[in-house]
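Structure first, then comments.
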Amino acid sequence: MRKLIFLALTQLLYVFGDTLSFSSTNFDGLYCSFTVIVLDITNTIVPITNLVIYIYRDPPGTSQQSWRIYTNSGTAEGTAEIWCIGKFVLVADSPNYVSGKSPQFNREVNDYCFPLEIIASPLVIAPGNYITFYSQIIYDTGEFINSPSLELTETGGSAIIGTSYFGANPGYISTTFTFDTIGIKNIMVVFYNYYINVFSVVVTDKVIKINFPVEIPLHTMMTFSVDISILDYNTLVLNTTGNYDIDINAVPSGTLIGFSTVTTSLGVYTLSGLYFTVGGNYYINAISANLGTRSSEAFTIMETSLKISFKSSVPINSGLFSILVEIYSSDFLTKYTDGSYLVSVKLEPLNLLKGSGNTIGGNFEILNLSIDTEGDFYLRASSSGFIDGFSQNLTINNLFLGLNSSSTILTTQDIFSVVINIYDDSYLQIPYTNGYYYISLSINNSGIITGTVSGNSINGRLSLTNLTVTTEGIFFLQGTGTNLISSQSMSLTIKNYYISLNFPKGIPSNTTTLFDVNAYIYSDLARTITELSKVFEVNILLSPSGSIIGTTNSMISNGIASFLNLQILSENNYTLVAYGAGFMNETSAVFEIKNMIFNWSVIVNSSNHILINFASELLEDLTSSDFLLSLNPSLNIITVFNGGNKQNYSYSVYPNRTIPDQTAFSLEVIKSNVRSITGGLLNNTIYNLTFNYYDPKCIASEYYEVYLKQCFACNNSCSECFGPTYYECSKCYNSSLLNGICVSECPLGYTNITDSECLQDKTKTKIISFSFEGAGDKFYDEIYNIQAIGVSNSSSRRLTEAYPYSVYLRGIYFPGQSALKLEFINQMLLSNNFALSLWLKPESANGTLISKYSGLTLILKITIESYFPTFSINIEGITYNITSKNALELGWNHLLISLNSSLGMSIIVNGKDESPIYFTNSSFVDLSNSSLYIGSDSTFEKIYTGFIYNLDIYQNIPNVTKIVQSNCLGCNYCQIGSSCIPSCNIGEFYDNINKKCSNCPKECPDICRSSDSCDLCVDNYCTSCKTYDKNSCVECIPEYEVIDYLCYNCTYGYYYSYNSAHCESCVGLCDSCKSETLCLTCKENSLLNSNNECVCKKGYSLFDKCERNMFGVVMMLSQENVATLIFDEELESSLKVSQLEVSIDNKKVSFAINPDSLSKFYIAPEIPEQVTKNSNLNITIISDLISIDNSLLKNTIFTASLFVSDDLIAEIKLTVKAQAAKAVAKTGSTAGVSVALGVSFMNFDPTSLFDFLNTAEMFYAVYLMELNTNKILSEFLLGLRMQDMIPNAYSYTVDFTEGEKMPDKFKKLGFKRNLVLINGGGQLSTLTIFLGLWIAVALFSKISKLKPKLEKVRKIFKYSIFLRFWLQTYFELAIVSTFGLKYSKFANATQIVDVVVCLLIISFQIFILGVMLYVIYKRWKLTDEEAIKKHEDKFSTFFDEFKNTGLNMWMFYVFYILRRTLLVISYLYIEDGSLQLSICISLCLAIPLYVITCRSFKATSQTIYHFFNEIIIAAYYSIILVGEVSENRIMSEDDANICIKLITAAWGMNIAVSLFGTTLMIFEKIRNYIRKKREERTARAYRMKTVPENENNPKTLGIE
């Protein structure tokens, strides 16, 4: 029975493969016949029939053959007609068989061939994408084949997967197909029977991308990098999962250095340091077995050459020079600046290395080279992989030194200089100024020279200064230098001369004494021989330094030099020193000078007046010009000099503003030789003094009257001022300063950059300029585009009769009924200086030309009275008028009206100048809100009739001679540089051809352009224009708008607005529209709603455009080093491990994500053993995250310092040990189960396996107790659980997240939620399988033939297998069901169903427990042997292992269930771990006592095993209990290791007992076998003895 159970649970799968082989082939040059057989691994023919075998030619070529053949008893035959010459083999292929190849054949005769090429593209596709095969075949005569088809077969499959036939295009055929699964597909393409080719198609959901991260290589030796990325085939998003081996090479091959096979990590690999050694056209290939081949774009590698150039002139001598080595393409057209390449430069033909180094930016410089020998040379630059570069040929000559000295006759005290020059010729005529050389100056051996005698030349010259020779004599100097020819020697004579001094008028005694000094020159030290032939310059000075006046240098003539009228001005003891070139210095005897100087003093009194006092009365009186008073000009101080009495003077000081404390000034007497009445000389000291602090104490709105030293209030308009009037402001309150006036707005032509002052715009000379050209009822100023609109005093008249209108080439005509009006709202037009210029032709003697009003207040007006111009202006409420003395003429006139605040008002008619008239000091102020009328006043009482050609308003008064000229051809006056303005009347036009005025056509009797044109505007769509030129339109017909003064229809993105008469831009998100509210299409990231409005898509918000909403995330780190990520918005899906990268100290670590919600996640990193107190945690969001509102979160990096303490480090080390212990437990439990299971299979007795599992269960039961178990032991216990290895079919039936979260202790056991269908699903799945098998066996048992064979199996299911299941799962199911009930909150339907299941499980457990007790009780009552046997067979689980001598023999499993029940109850209701352990220890001691006293097991080994096993378990619990009741209540690591060793000992004992029992069983079976054989031999011998006795017996013989 046991054998059947274990055989049913075991299955063995044996996989083998067969091979295709060509058993025979025959090729006669055209036809190839062949036989293919199917062989197994022993090379025996497999007698398989109708196996499809595919035959194709390799390499592909045209042939006619049976490409698909079928086997008969393992053999298949076929024939191929081979076309086209070449060597080939035949290949046989079939699904799931090893391919076979024929011997190689050669088609030699080129009699005929059908050219054909089958092309497949692409060869790398994604599932669902299509690959296309296409081909065209023709006869060698050029005729097309029209009938065959193209068939496709996957050689790994079993059928044709695509077929295509020739269509409308004869000879051309194509087909497409796709795959749904990934992998490498071998596709055989058959063109009818003529041509066969095999392609490998890579079907993948990923694709290789080749990228050059820096740049594509350009030339040989240029290093470059290649990025290999693995992308999703469809989205092209980087795929970071999995690693791929990829071969990188170049095509053509052989010249790329650095290529290799790489393995991608996180989807990317960068291969660096690549370069090409040979130029050519290349592309990079990336080849993967799983992803196919991907090629980069093609690129060209240029051969690289070195180029040598000289940075200065080409060397022609041994002088210094510098060279530049550059990297170029071989044609020297392209310079390369990449990389760094080692370059060496040699001098040839000497092969002398002159320098080497690495290029920077494509350049390598060598500075200060020289060639020290004469001859012909050239330079050669070399670098690995580059073409050598050569310089031009060099002819080198020597350089020469020349020597010059500042003097050749010196004394030993003289300082002299030497200049050494470098020359290009031996004649020292051609200076050499390039480079620099180290040059030395030498003197012959007997001379001693001091000073700097060597150095580097500059521009071919070395100057040596401050040289002296310390001994007398004649010496020779010479210049020498490396690579230079030494100079000729220069003679230098050192000879001393001596001076003596005397005072012919006596030695001076005081500062007023005038004295003379004579100096005599001698050629000997004894001063006996006067030197009369030489000339020396002698200088004298005081020692120590003092003030001496007079001539202090003189030339010695005839041996003497004289110094006359000297004076010493400072008191001291002095000597007089004579010095100069060519002689030794001389010092006089010491003499004393007494002071005869008188002083003066200066003080500043409390009023800051400057008081001057001289110590003695002066001989002459001083004036202000004799003093120099230096003041800071920014202080604006007025001073008045006050004369004195030849001894006391003063300055009265009148400050105009605050004098800061310690403000410095200086005062000095600049008159020389000021003497007192006693003969003393004034000491002209410069006094530097400071003023006392002085503040006029005026408030900001007052000004200071200097001479009165009093403050007065400013004008109300000024915040600061320098006078009392409104035009003497220096700062304003909330307005701007304009030429001393505070104004609310700056006038035209001024800018208010500082918000406090109006500054004139120098770029504009005019502020208004109307040319009065064009057509329409509006005219536009050319400076600021200000409109002039026609107005009238009567609204009843028609427009054409009332308003001024344009007349061709004559400006604008005023009909006497209307005017033009310019509105200035919050804008000042005029400053206090302006000028108006206009050309006019009046038709009436009186009228108003210009008027300006603010409301009813007149600002200015220009009128004509009897043709005399009058100018009126309002200043401070007073109207000032001037009338010109010159009348206007009947033709065209020029009028210039001006106002200047300093000069007054003026009128100039036709350039005739008149003096301006000045009326008032007050300044004109324009008003901000005003109206300017052209052609009338505001009441239209005096209206102008006539023409006005233009109107200009200037910021400053222009020169009239630059505007008007009188020497005009055909008129009295005209514009400078222009012809006369036509004088035609209304209804006429000027005929430019005939040079006369002509009448307009009858269609337009008043205004016209010509005899055949009434329109003044050129553009047909234009209704109003500025000028008569094409680009001048300002108003168009409807549906057209003005763009650059032309009329255009509305473009895309605009609509025509009838309100504004313009094309308006579509508003908001409309990309195109019909009107402001009707959109047609929308901009990016927006869409149309039901109201034809464009709105942003979900996840986008409107700013200037629809921009993706971004949401944020913050990270918090707890002291347990658990990071919390809190997102601003909930994610659309839970955060995945693949979306994060967690590292500690830049090393990636494993981590767990525990979601609290879709917006809050806990990240628990695995802290490595190497962590320190300075360690940092980095969390990187490596992929974009999307929220439920479609907002976006870009890659984000968080860094935080870990909370690392000594305790944590110890804890981490403990964790490492604990994980190692857990791994050992996993390994040990797996090994133990394997051995126990093996033993059970050997003796068909599962007792060993069950004992092992039951023992492990009692060990890890400690984990759920309320104990402070050592972490090492806890993890070891977790590793003992084997239940998680059982598959759970019920996990697919419920939603994991609908259960309640379990405590951390249960989570480590794998019980993350309280759902029993998840936690106990493995056991329930096993029970379900058993029930299914039971039903299946019951059904099959109804078949009469199977019933005897299944009878034993039926007995197992009734009921041993279910009882054993109950025993083995009792503890686990009791835990998961009771705790499932404990933590359930009945929050949803899943939890309610789970509670029902928990109750069913508990009920089942209790029911079976009752069954067990009843069965044992019933067995105890049975006495009939047959009933007992039947009862024990039916419930063998409870009786097979035990003796049948009494009730006490069958109580082991009662203790088994009791212990597990008490454990579960203690978990639920006892919170004291010590009490839980005590209960366990009591049971552990009771069970071995029962075992050893009752000896209930049939096998003695089982009795011994259970006794000692329970003792070990009791010892294990006791050690834990000791640690629990100790002082610190924490188990030590040593105690944990002891417990682990006890568990290991229990394992070892289980295995030993199992092996021992198995060995005894084997020996027992051998002994029984021997006994059986012996009994059989004995029986045979017995039969042989009894046969002769019975052989004559008739019954024995069969005779009655």
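Along the Cα→Cβ direction, 7 angstrom out, place labels at Ser463 and Asp1071. What is the inter-label distance in nm?
7.7 nm
Give the aspartates and glutamates reachable from Lys1434 as a straight Cα distance under 18 Å; neighbours fewer than 8 places away on the same chain don't count.
Candidates past the 8-residue exclusion: Asp1245, Glu1351, Asp1424, Glu1425, Glu1426.
In square angstrom, what is the accessible area per residue of the stretch 917-1041 with a 1.4 angstrom probe?
Here the residues of the stretch 917-1041 average 52 Å² of exposed surface.
For the chain, what ratio Rg/Rh do Cα atoms give with a Kirkwood hydrodynamic radius?
Ratio value, two decimals: 1.16.
So how do 221-230, 622-631, 1460-1469 stack up, highest first, on mean other-Cβ count within 10 Å?
Packing proxy ranking, top to bottom: 221-230, 1460-1469, 622-631.
List the GluC sites (Glu not before Pro) within the stretch 1394-1501 that DSSP assigns to loop and that have no more than 12 neighbouring Cβ atoms inside 10 Å.
Glu1471
For a 24 Å ceiling on Cα separation, which of these pairs sit above it: Lys885/Lys962; Lys1347/Lys1565; Lys307/Lys346; Lys1083/Lys1160?
The answer is Lys1347/Lys1565; Lys1083/Lys1160.
Over the chain, what relative contact order in percent results from Cα pairs under 8 Å that are six or more residues apart?
The normalised contact order for the chain reaches 3 percent.
With a ≥ b ≥ c the root eigenvalues of the C-alpha gyration tensor of the stretch 1003-1151, is it rounded (a/c under 1.5), prolate (a/b larger than b/c) or oblate?
Cα axes put the stretch 1003-1151 in the prolate bin.
Among DSSP beta bridges whose residues both lie in the chain, state the antiparallel percentage, nearest 5.
Antiparallel bridges make up about 95 percent of those DSSP assigns within the chain.
Quickly work out the Lys1498-to-Asn211 label distance, labels modelled 7 Å from Cα along the C-beta direction, and quote it in nm with one decimal.
Computed distance between label sites Asn211 and Lys1498 equals 7.4 nm.
Express in Å², to the nearest 10, the accessible area of Ile1188 obtained by rolling a 1.4 Å probe over the protein heavy atoms while all chains stay in place.
Roll a 1.4 Å probe over it and Ile1188 shows about 80 Å².
For the stretch 408-523, report the accessible area per residue in Å² (1.4 Å probe, heavy atoms, rounded to an integer).
The answer is 48 Å² per residue.
Tell me which aspartates and glutamates have Cα within less than 12 Å of Lys594's Cα, excluding those fewer than 8 residues away on the same chain?
The qualifying aspartates and glutamates are Glu571.
Mean residue ellipticity at 222 nm from the helices of the chain, using -39,500 (n - 2.57) per DSSP H segment of n ≥ 4 over the full residue count, to the nearest 500 deg cm²/dmol?
When only DSSP H runs of four or more count, the value is -6500 deg cm²/dmol.
Give me the one-decimal nm value for the distance between modelled label points at Thr25 and Thr1544, 7 Å along each residue's Cα-to-Cβ direction.
Roughly 6.4 nm, to one decimal.
Could you tell me the accessible area of Ser426 in Å² (1.4 Å probe, neighbours in place), rounded to the nearest ten?
Approximately 70 Å² for this residue.
In whole percent, what relative contact order does the stretch 719-758 give with Cα contacts below 8 Å and a gap of six or more residues?
After rounding, I find 30 percent.
Measure nothing but the geometry: give the 0 to 90° angle between the long axis through the Cα atoms of 1321-1340 and the longest principal axis through the Cα atoms of the chain, rounded to 10°.
Compared with the principal axis, the helix lies near 40 degrees.
How far, in nm, would the chain grow between Ser547 and Asp1184 when pulled straight, counting 0.36 nm per residue and subtracting the alpha carbon separation?
220.6 nm
List residues of the stretch 737-755, by number, whose backbone nitrogen lies under 17 Å from a label position 7 Å along Cα→C-beta of Ser902.
Hits in the stretch 737-755 for Ser902 at 17 Å: 738-741.
Which Cα, out of Tyr1505, Ala1231, Cys1096, lies furthest along the positive dipole direction of the chain (beta carbon charges, K/R +1, D/E -1)?
Tyr1505
Of Asp28, Asp232, which has the most accessible area with a 1.4 Å probe, and how do the rest follow in descending order?
Largest to smallest exposure gives the sequence Asp28, Asp232.
Quick one: grab the alpha carbon gyration tensor of the stretch 977-1031, order the square roots of its eigenvalues as a ≥ b ≥ c, and give me rounded if a/c is under 1.5, else prolate or oblate depending on whether a/b is larger than b/c.
Taking the square roots of the gyration eigenvalues as a ≥ b ≥ c, the stretch 977-1031 is oblate.
What do you reckon, how do Ser1090, Ser1201 stack up by accessible area (1.4 Å probe), largest on top?
Ranked list, largest accessible area first: Ser1090, Ser1201.
Evaluate E = 1/(1 + (r/R0)^6) for Leu1458 and Lys1572, where r is the Cβ-Cβ distance and R0 equals 45 Å; express this FRET efficiency to the nearest 0.05.
Given R0 = 45 Å and the Cβ-Cβ separation, E is 0.55.
Can you give the FRET efficiency to the nearest 0.05 for Ser634 and Phe919, using r as the Cβ-Cβ distance and R₀ = 35 Å?
So, using R0 = 35 Å, E works out to roughly 0.45.
Label point 7 Å out from Asn881 along Cα-to-Cβ: which residues of the stretch 815-850 have amide N under 16 Å?
846-850, by backbone N distance to the label point.
How big is the charge dipole of the stretch 1418-1552 about its Cα centre, in debye rounded to the nearest 20, if each Lys and Arg gets +1 on its Cβ and each Asp and Glu gets -1 on its Cβ?
Around 640 debye, computed over the stretch 1418-1552.
Over the heavy atoms of Glu720, what accessible area does a 1.4 Å probe trace out, to the nearest 10 Å²?
70 Å²
Note the full-extension length gain between Thr751 and Glu108 as 0.36 nm times their separation in residues minus their Cα-Cα distance, in nm to one decimal.
221.8 nm is the gain from fully extending Thr751 to Glu108.
Go through Met1258, Met584 and list them by solvent-accessible area, largest first, probe radius 1.4 Å.
From most exposed to least exposed: Met584, Met1258.
I need the GluC sites (Glu not before Pro) found in the stretch 1058-1116, filtered to DSSP loop residues with at most 14 other beta carbons within 10 Å of theirs.
When the GluC sites (Glu not before Pro) of the stretch 1058-1116 are filtered for loop state and at most 14 Cβ neighbours within 10 Å, Glu1084 remain.
Would you list which aspartates and glutamates come within 18 Å of Lys912, measuring only between C-alpha atoms, while excluding same-chain residues fewer than 8 positions from it?
Glu889
I need the calculated FRET efficiency for the pair Thr270 and Leu1080, taking r as the beta carbon distance and R₀ as 35 Å, to the nearest 0.05.
0.15
So if each residue of separation counts as 0.36 nm, and I subtract the Cα-Cα distance between Thr1196 and Asp388, what length gain in nm does that give?
The span from Thr1196 to Asp388 would gain 285.7 nm if fully extended.
Please report the relative contact order for the stretch 619-758, taking Cα pairs under 8 Å with a sequence separation of at least 6, and give it as a percent rounded to a whole number.
Answer for the stretch 619-758 is 14 percent.
Please state the charge dipole magnitude for the stretch 754-881, taken about the Cα centre, from unit charges on C-beta atoms (+1 on K and R, -1 on D and E), reported in debye and rounded to the nearest 20.
Roughly 320 debye, rounded to the nearest 20.
First compute the accessible area of the stretch 288-358 with a 1.4 Å probe, then give the percent of it belonging to carbon and sulfur atoms.
Summing carbon and sulfur atoms, their accessible area is 53 percent of the total for the stretch 288-358.
The values are calculated or read from the model by the stated rules, or taken from the named source; none is laboratory data. This one's a predicted model, so the numbers in the text were calculated from it and none came from an experiment. For neighbour counting, all protein chains shown are included, and Cβ atoms are generated from backbone atoms with ideal geometry for every residue, glycine included. Surface accessibility is based on the protein's heavy atoms, side chains included, excluding ligands, DNA and RNA. Shrake-Rupley method; radii C 1.70, N 1.55, O 1.52, S 1.80 Å.
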